[in-house]
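Peer 1: First, the structure itself, so that you have it in front of you.
The values are calculated or read from the model by the stated rules, or taken from the named source; none is laboratory data. Note that the structure is a prediction, hence the values are computed from the model and not measured. FYI the Cβ positions are ideal-geometry reconstructions off the backbone, even for glycines, and counts take in every protein chain you see. Quick note on the areas: whole protein, heavy atoms, side chains included, nothing else; ligands and nucleic acids left out. Shrake-Rupley method; radii C 1.70, N 1.55, O 1.52, S 1.80 Å.
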Number of protein chains: 4
Amino acid sequence: MNFASDNQSGVSPAVLQGIVEASKGVAGSYSNDQWTQAAVAQLSAIFEKPVQAFFVATGTASNCLALSALVQPWHSILCHSQAHIAVDELSAPELFTGGARLVLMGDDGDKLTAQCLSDTLQSLPKDRPHNQIPGALSITQCTESGLVYSVEEVRALTEVAHAADMRVHMDGARFSNALATLNCTPADITWKAGVDVLCLGASKNGALALEAVIFFDEALAKDFDLRRKRAGHLVSKGRLFGAQMCAWLKDDHWLTLARHANEIALALEQCLQPYPAIQIAWPVQANELFAVIPVALFEHLKAQGVRLNDWLPNSVPQALDIKADHLAVRFVTSFESELAEVQQLQEVLAAYFAS
Amino acid sequence: MNFASDNQSGVSPAVLQGIVEASKGVAGSYSNDQWTQAAVAQLSAIFEKPVQAFFVATGTASNCLALSALVQPWHSILCHSQAHIAVDELSAPELFTGGARLVLMGDDGDKLTAQCLSDTLQSLPKDRPHNQIPGALSITQCTESGLVYSVEEVRALTEVAHAADMRVHMDGARFSNALATLNCTPADITWKAGVDVLCLGASKNGALALEAVIFFDEALAKDFDLRRKRAGHLVSKGRLFGAQMCAWLKDDHWLTLARHANEIALALEQCLQPYPAIQIAWPVQANELFAVIPVALFEHLKAQGVRLNDWLPNSVPQALDIKADHLAVRFVTSFESELAEVQQLQEVLAAYFAS
Amino acid sequence: MNFASDNQSGVSPAVLQGIVEASKGVAGSYSNDQWTQAAVAQLSAIFEKPVQAFFVATGTASNCLALSALVQPWHSILCHSQAHIAVDELSAPELFTGGARLVLMGDDGDKLTAQCLSDTLQSLPKDRPHNQIPGALSITQCTESGLVYSVEEVRALTEVAHAADMRVHMDGARFSNALATLNCTPADITWKAGVDVLCLGASKNGALALEAVIFFDEALAKDFDLRRKRAGHLVSKGRLFGAQMCAWLKDDHWLTLARHANEIALALEQCLQPYPAIQIAWPVQANELFAVIPVALFEHLKAQGVRLNDWLPNSVPQALDIKADHLAVRFVTSFESELAEVQQLQEVLAAYFAS
Amino acid sequence: MNFASDNQSGVSPAVLQGIVEASKGVAGSYSNDQWTQAAVAQLSAIFEKPVQAFFVATGTASNCLALSALVQPWHSILCHSQAHIAVDELSAPELFTGGARLVLMGDDGDKLTAQCLSDTLQSLPKDRPHNQIPGALSITQCTESGLVYSVEEVRALTEVAHAADMRVHMDGARFSNALATLNCTPADITWKAGVDVLCLGASKNGALALEAVIFFDEALAKDFDLRRKRAGHLVSKGRLFGAQMCAWLKDDHWLTLARHANEIALALEQCLQPYPAIQIAWPVQANELFAVIPVALFEHLKAQGVRLNDWLPNSVPQALDIKADHLAVRFVTSFESELAEVQQLQEVLAAYFAS
């Protein structure tokens, strides 16, 4: 019963097979190989536009290198207060951007709104050269609380951002899970909705180590090869990334994997809903479920072999008042999750609440 | 006939098998997995000392993160003028160290000597706070010209460095090839000879993407986990690295691979020696051979399907005067090279010089 | 009637005379001059301890260089949300520290409390190596709203900080104004109360361009000469700073100047108090007064030649509800302010409210 | 007898008077004052073009901030191996540019030539994204050895630089001394000859602390106000700089001061020429004289009260072989130097060589 994190799951057999096949014999180094080229072509087809795509091994590198192409050191980057770039990437945003500053928005784990962005922009002091200049908006799809922005919500945000002369970055560590939920194309929810650069994550959804920085505006990508190299993120055997991406995209494998994870998350929601002691924070939209539960239950679950993490108190709605003997938790499902795990959990819960 | 670069070779089947086996099921993320722990333990055994080892995907990240643990932004790093950190890593040394400066030594591709280091230290201006303070010596094993430092040579260099209050970094992108040549233990040629941190490269010798930063002095490693994270080099599925390293080290596989590459390089040397038109720059000591050859021959070889790179004119001895219609070239062999490739080359050469 | 800012005032004649006298003839460059040495000695006497003091031209350089000596790039710096380092120094904190991050505390312009600091420390995620590690507390004396921390308040804050393994920085841009109010010695309110480094500002209180970074712990100052030099803040004619500081400190001139400014501010408070339309935000403690006033009055005052700035809405107490046709303003007095200016203002106000 | 450095001299009475006059009363802060505006207008008049000019306190700040506007972190900056930015500014070039690298040219203290620049550009490896891309040329006027580039020499250098897509920076710490020698206008030797940004130094020639970064291409200056602010180099009482510059430029005062220093240097040359034991390195062209002298003489001069610095052995021509008991020295004159000092020195020398 692993609900701790999708980055603790293994590698999809199809993606692994792609690595194995590409690992034989001579190939051009530093991305000059057939797999990398094929992968970029596939991405261009999927996004219905010639894109500039660059592959790296980690989400932190992907996000922060992408942001460094959007802002100067005197810019600020507006993002959710629980964004991965704000909470989980140490000072990588500052290192890669040369010192740009994050401005945090959002009181709880809910989605950002165009209104919130407008209000924040309005409230920021604007006395040049003393104050940071807003340079980029970063949004996360799915969000830090597993929610999915609709096309309209993304467009509303990017319109405010662009009107304020800012660029838009989408942290898509779980983009495939969002897409599996949305009834739209990859293009609809990205560049057609105003996103300038997408960090498309594959590591959490079946790949071994693979993140793609995808620029929809060629001009922004101009020096990205240099940015990646000077950060030590240009691997010599680039086929590692190219082969993974080809296998991951082939025959909609990425979406198949994501759909599976999302389905298990919905099953999990149904499993938890009957118990009043478990307050589900937000309706499940992708592959994550946040809830407030008694500490005693949390301890019991861990003792029963459920892998599960406690989470930030403010990741749940402000309306949810967390009592002293309760805590917020996060359940995550992955491409590897099995319905049997949910059923096993159901038995553990039934037994617990029956006693 | 691939003599272009060892990073164009594929992955050793044993290492690939390690990746495949580790790719299934749930494991702790961010290096908290069994393979990573086993790999560090194996390295400690091999180096006869508890080491602190950190894995990353590229040589640039490995070298520059390691250097960042040794120097402050007001320090200089002394290295060979053809060192990888000086020539091939863009401004990664500056990015990771926060602005330390490289001081270049060595006129041609020969090894650095203790005398050269002493003379350089002597000549540097020392007016605090105006001048950089020498903070680290970086040596490359094998060197940029495929030469191997003996234990005595390393010790002589590190003694001068330590006497000047400097730390010593060894770029070991081809450390296994050097070790296969030397009649000594891994400990002998590193910490016992005064090396503070070794960047042990596996990517050029059978791994897919694997470099290890190995600290022999625990104090220097104190914040390295933070340095790696903030540079985006902490992968979520750390087993990728752990599994490669375990397989690479097991049963001396790394040395077996390196010995093979070195043997092919010796065969290559014998193949080239008979032709006076080919001036071999340095006797082959590991898996590289540098030579000065006629441009016409270079073009002919490429036309015959020989993968081969031209190289920096000053990588060969100053005594070798490169005539106008000649150029310097580099031949590299790898674990995957076959004797048949050398034999094929021999036929090409015989036919060329016979005509 | 200048109440806009104390950095718009001129130079005290005594300080100017110091500059004039030091400007003749040959003197050692780069701080190797008699004035600089005398100034450091005077500071050591005043702070009852041998201090390490370094002079620079701006508050931004002073604060951010000082912070760079306290933290690493993976540290956070906790400070008030309206601190000068947070609002008015662009990305200088990030540049000088190599990317440390500010964590903001405090909802309105009130002083920080030990409780607030504790709560913030408690709430920060602590998952190494993903989250920033609190490295320094920065407090401002006088605060951003002109309030003065007592010795007990400073000590309570530094105790929490030190217990959390953090260093303490005091932004003393208006330190002399605070000291003029407090009934204690300079030592009492700094190192004896737990402050590790004080940025002592003179530019706002009679000097031309002079800020001193004063380390009470010699170890922290070890490489500060290098930090200052590499930021371009080591002036060649260091006597510029040394001479100003000698003159400023001599015969308690700095305190005389500060006391005068504070007295004018108290007179200003008395002048404004009678009018219910003017809501004074905080009782005057030094040389600043914040208030909420009708926009119409603000416009009228400016039209009458009163130099005055509008200010951040959240610089006043949350209890003060700013109505739509009102705004927050800041009055600042300086060593150069004259009682006549307050009297003039009184007449303007009397006429305005009489009509 | 002070020949140690022109930055050990005092302040010209006219410049000091300018400071004194500007130090009274209220003025706009942060460069929003009448003196700063007047100074920029004067510079535009002198350079026959609307310039963007920014004032800072040190040469290091001036040079490195200017360079940061010309290059990206993946660029290299080509300069003389003895340039101030290469030898005397610690790692400020790296800090301000975010990690650009200096590439050093020139074996001895002679001027750079277009040929040398071409050859260097030719020799640099150009394998993107592995190698730095040449981004700027920095030349020093007067040079590090007191030599003066002619208009033709500057133009030849900038033509090569611009053809290679590089920008040109001129370190003019002693620009006024060069101009006093040249028979041309300030415009002729700067933008008309291809210079993109001039760092005009006043501190070594009569000012207290004043350097101007002057952009001839407005586009390059676009964000310079932000660069200056985030480096802590925007002083609050900007009139300090504006007033100095106005006084320094008024009635060609800067050139009068420079001419005086140059004349004393010529007198010094005549004073030293008769003695075969004193080998003058280069004919005097501005206010510096380099020579090789016996160590015994150097010690004697210091004992007689002559302020004088020994200098880098390679600052003199390679043809000058420095014997074991000799050393290189640098004599500098300033606006404050007096003919009497040279006469005094003459007596010391006459007595020394007579004995």
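Peer 1: Restrict the check to the stretch B:306-324 and report whether at least one residue is within 21 Å of B:GLY10 (Cα to Cα), among the charged types (D, E, K, R) and within 24 Å of the chain's Cα centre (by Cα).
Peer 2: Scanning the stretch B:306-324, I find at least one residue that is within 21 Å of B:GLY10 (Cα to Cα), among the charged types (D, E, K, R) and within 24 Å of the chain's Cα centre (by Cα), so the answer is yes.
Peer 1: Only one of B:PHE216, B:PHE224 is open to solvent by less than 10 Å² (accessible area, probe 1.4 Å) and either at pLDDT 95 or above or in the same structural domain as B:LEU43 (by TED's automatic domain parsing) (or both); which?
Peer 2: B:PHE224
Peer 1: Go through the residues of the stretch D:98-117 one by one and say whether even a single one is over 22 Å from the mean Cα position of the chain (by Cα) and over 30 Å from A:ALA231 (Cβ atoms).
Peer 2: yes
Peer 1: Here is a further query. I need a count of the residues in the stretch C:152-170 that are open to solvent by less than 20 Å² (accessible area, probe 1.4 Å), outside any strand (DSSP E or B) and touching a helix residue (DSSP H, G or I) at 6+ places or on another chain (Cβ under 8 Å).
Peer 2: 4
Peer 1: State the number of residues belonging to the stretch C:9-30 that are over 21 Å from C:ARG227 (Cα atoms) and surrounded by fewer than 24 Cβ atoms within 10 Å (Cβ to Cβ).
Peer 2: So the count comes out to 12.
Peer 1: Which residues, counting only those in the stretch A:8-39, are more than 9 Å from every other protein chain (Cβ to nearest Cβ), outside any loop (DSSP other than H, G, I, E, B) and under 30 Å from B:VAL332 (Cα atoms)?
Peer 2: Correct list: A:GLN17, A:GLY18, A:GLU21, A:GLN34, A:TRP35, A:THR36, A:GLN37, A:ALA38, A:ALA39.
Peer 1: Right, another one. Testing D:ASP33 on (1) open to solvent by 20 Å² or more (accessible area, probe 1.4 Å); (2) out of contact with any Ser or Thr (no Cβ under 8 Å at 6 or more places or on another chain); (3) in contact (Cβ under 8 Å) with a residue 12 or more places away in the chain; (4) among the acidic types (Asp, Glu), one condition comes back false. Which one is that?
Peer 2: Every condition holds for D:ASP33 apart from (1).
Peer 1: Moving on to the next point. For the stretch D:107-143, give me each residue that is crowded, with 22+ Cβ neighbours inside 10 Å, without any contact (Cβ under 8 Å) to a residue 60 or more places away in the chain and either touching a His at 6+ places or on another chain (Cβ under 6 Å) or of a type in the set (Val, Ile, Thr) (or both).
Peer 2: D:LEU112
Peer 1: Oh, and also: So in the stretch A:74-99, with the set limited to residues that are small (Gly, Ala, Ser) and more than 19 Å from A:GLY172 (Cα to Cα), which one is surrounded by the fewest Cβ atoms within 10 Å (Cβ to Cβ)?
Peer 2: Among residues in the stretch A:74-99 that are small (Gly, Ala, Ser) and more than 19 Å from A:GLY172 (Cα to Cα), the one surrounded by the fewest Cβ atoms within 10 Å (Cβ to Cβ) is A:SER76.
Peer 1: A further question on this structure: Within the stretch D:207-244, how many residues are touching a Pro at 6+ places or on another chain (Cβ under 6 Å) and within 30 Å of C:GLY25 (Cα to Cα)?
Peer 2: 0
Peer 1: Are there any pairs with C-beta distances below 6 angstrom linking a residue in the stretch A:183-210 that is touching a residue at least 40 places away in the same chain (Cβ under 8 Å) to a residue that is among the hydroxyl-bearing types (Ser, Thr, Tyr) and open to solvent by 10 Å² or more (accessible area, probe 1.4 Å), with the two at least 6 apart or on different chains, and if so which?
Peer 2: Listed pairs, sorted by first residue: A:SER203/B:SER236.
Peer 1: Quick one: would you say C:GLY194 is on the phi > 0 side of the Ramachandran plot and more than 14 Å from every other protein chain (Cβ to nearest Cβ)?
Peer 2: Considered against the rule, which asks whether it is on the phi > 0 side of the Ramachandran plot and more than 14 Å from every other protein chain (Cβ to nearest Cβ), C:GLY194 comes out as yes.
Peer 1: In the stretch C:281-291, is there at least one residue being free of Cβ contacts under 8 Å to residues at least 40 places away in the same chain and surrounded by 14 or more Cβ atoms within 10 Å (Cβ to Cβ)?
Peer 2: No, because not a single residue in the stretch C:281-291 is free of Cβ contacts under 8 Å to residues at least 40 places away in the same chain and surrounded by 14 or more Cβ atoms within 10 Å (Cβ to Cβ).
Peer 1: Please go through the stretch B:330-355 and give me each residue that is within 15 Å of B:LEU301 (Cβ to Cβ), of a type in the set (D, E, K, R) and surrounded by 13 or more Cβ atoms within 10 Å (Cβ to Cβ), ordered by number.
Peer 2: If the condition is that a residue be within 15 Å of B:LEU301 (Cβ to Cβ), of a type in the set (D, E, K, R) and surrounded by 13 or more Cβ atoms within 10 Å (Cβ to Cβ), then B:ARG330, B:GLU341 are the ones that fit.
Peer 1: Further question: Of (1) of a type in the set (A, V, I, L, M, F, W, C); (2) in contact with a Pro (Cβ under 9 Å, 6 or more places away or on another chain); (3) on the phi < 0 side of the Ramachandran plot, D:ALA61 satisfies all except one. Which?
Peer 2: Unmet condition: (2).
Peer 1: So, one more: How many residues does the stretch D:201-235 hold that are within 30 Å of D:ALA4 (Cα to Cα), under 18 Å from the mean Cα position of the chain (by Cα) and either part of a loop (DSSP other than H, G, I, E, B) or more than 7 Å from chain C (Cβ to nearest Cβ) (or both)?
Peer 2: 13
Peer 1: Oh, and also: Which one of these does D:ALA173 not meet: (1) touching a helix residue (DSSP H, G or I) at 6+ places or on another chain (Cβ under 7 Å); (2) open to solvent by less than 10 Å² (accessible area, probe 1.4 Å); (3) of a type outside the set (Lys, Arg); (4) closer than 19 Å to D:CYS64 by Cα?
Peer 2: Condition not satisfied by D:ALA173: (2).
Peer 1: Could you tell me which numbered condition D:ALA66 fails, if it satisfies all but one of (1) modelled with pLDDT under 95; (2) open to solvent by less than 10 Å² (accessible area, probe 1.4 Å); (3) not charged (D, E, K, R)?
Peer 2: It fails just one condition, (1).
Peer 1: Sticking with this one: Mind listing just one residue for me: the one in the stretch B:114-126 that is farther than 23 Å from B:VAL151 by Cβ and assigned to a helix (DSSP H, G or I) and, of those, farthest from the other protein chains (Cβ to nearest Cβ)?
Peer 2: Result: B:GLN122.
Peer 1: Shifting gears a bit: Of A:PRO134, A:PRO129, which residue is in a loop (DSSP other than H, G, I, E, B) and within 28 Å of D:PHE224 (Cα to Cα)?
Peer 2: A:PRO129
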